[in-house]
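This report concerns only the one structure given below.
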Amino acid sequence: LEYDFSKTVLSSTKLKTYLECKRKYYFKYIKMIKEAKIPKEEEDEKIVGSLLHEALKDVFGFKHSVFSERELLDLLKNRLYEKTKEGSLLRLKVDIWLKKLTKFAQNEISRFEKGYRVIAVEKEMFGSFEGCRIKGNIDRIDQKEDKLSVIDYKSGKINFLTQKSIEKAVDFQLEFYYLLVSQKT
């Protein structure tokens, strides 16, 4: 099947799917067939990751800077508790994650003290590259003076590229974000 990427809007997720498995791309994005969901144990971890993502969006959507680690952790805790039932396994996992977020909160406070401010959350952006229309949904954009920082929240495993693994790279999310943000500045 011949396929022209310039006739669609390409996201990093779509590109990753294509590079990993052309057949999966075909069924998901061309034939629009939805994937069957099979329950797995790691689903709870994905749910907690999504809840964390939503809580961060909520907090930084109305608060462009926070200067107290305790305040930031309390804001996140309140948002997360609103979304989970007391006594549930998810609440326990949320509590575990709140302990893990201490270092994150310290880092955020340090950034805000240095002058960074949140200017956008969940920012959908469109642009172009080499004749293709591209898009991305950026978790957060911070600004300090005339410099922008793109923040992408991750709660799972992060694969770092090495000289050896670069040839097999399939995830170009940050590159997409760079292209999109640099076209808007």
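The values are calculated or read from the model by the stated rules, or taken from the named source; none is laboratory data. Remember, it's a predicted structure, so these values are computed and weren't measured experimentally. Virtual Cβ from ideal backbone geometry, glycine too; neighbours counted across all protein chains shown. Surface accessibility is based on the protein's heavy atoms, side chains included, excluding ligands, DNA and RNA. Shrake-Rupley method; radii C 1.70, N 1.55, O 1.52, S 1.80 Å.
Just one of E167, E175 is part of a helix (DSSP H, G or I), of a type in the set (D, E) and either modelled with pLDDT of 90 or more or surrounded by 12 or more Cβ atoms within 10 Å (Cβ to Cβ) (or both); which is it?
On the way: E167 fails: either modelled with pLDDT of 90 or more or surrounded by 12 or more Cβ atoms within 10 Å (Cβ to Cβ) (or both).
Going through E167, E175 in turn, the sole match is E175.
Kindly indicate which of S68, S12 is small (G, A, S), over 20 Å from the mean Cα position of the chain (by Cα) and open to solvent by less than 60 Å² (accessible area, probe 1.4 Å).
S68
To keep it simple, each residue is scored yes or no on (1) open to solvent by 70 Å² or more (accessible area, probe 1.4 Å); (2) over 13 Å from V181 (Cα atoms); (3) touching a helix residue (DSSP H, G or I) at 6+ places or on another chain (Cβ under 6 Å); (4) modelled with pLDDT of 95 or more.
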{"site": "A120", "(1), (2), (3), (4)": "no, no, no, yes"}
{"site": "E130", "(1), (2), (3), (4)": "yes, yes, no, no"}
{"site": "I138", "(1), (2), (3), (4)": "no, no, yes, yes"}
{"site": "I141", "(1), (2), (3), (4)": "no, no, no, yes"}
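Can you tell me which condition S110 does not meet? The list is (1) touching a residue at least 60 places away in the same chain (Cβ under 8 Å); (2) assigned to a helix (DSSP H, G or I); (3) open to solvent by 30 Å² or more (accessible area, probe 1.4 Å), and all the others hold.
Among (1) touching a residue at least 60 places away in the same chain (Cβ under 8 Å); (2) assigned to a helix (DSSP H, G or I); (3) open to solvent by 30 Å² or more (accessible area, probe 1.4 Å), S110 violates only (1).
Under the condition of being under 11 Å from the mean Cα position of the chain (by Cα) and in a loop (DSSP other than H, G, I, E, B), which residue from segment 129-155 is farthest from H64 (Cα to Cα)? Give the steps one after another, and end with the answer.
Initially, segment 129-155 is screened for residues under 11 Å from the mean Cα position of the chain (by Cα), giving 136-140, 150-155.
Filter again for in a loop (DSSP other than H, G, I, E, B), leaving 152-155.
On the way: D152: 16, Y153: 16, K154: 20, S155: 22 Å.
Restricting to residues being under 11 Å from the mean Cα position of the chain (by Cα) and in a loop (DSSP other than H, G, I, E, B), the top hit is S155.
Can you tell me which of K99, K103 is within 22 Å of the chain's Cα centre (by Cα), closer than 15 Å to K154 by Cα, open to solvent by 80 Å² or more (accessible area, probe 1.4 Å) and of a type outside the set (D, E)? Give the steps one after another, and end with the answer.
Working: K99 fails: closer than 15 Å to K154 by Cα.
The unique qualifying residue is K103.
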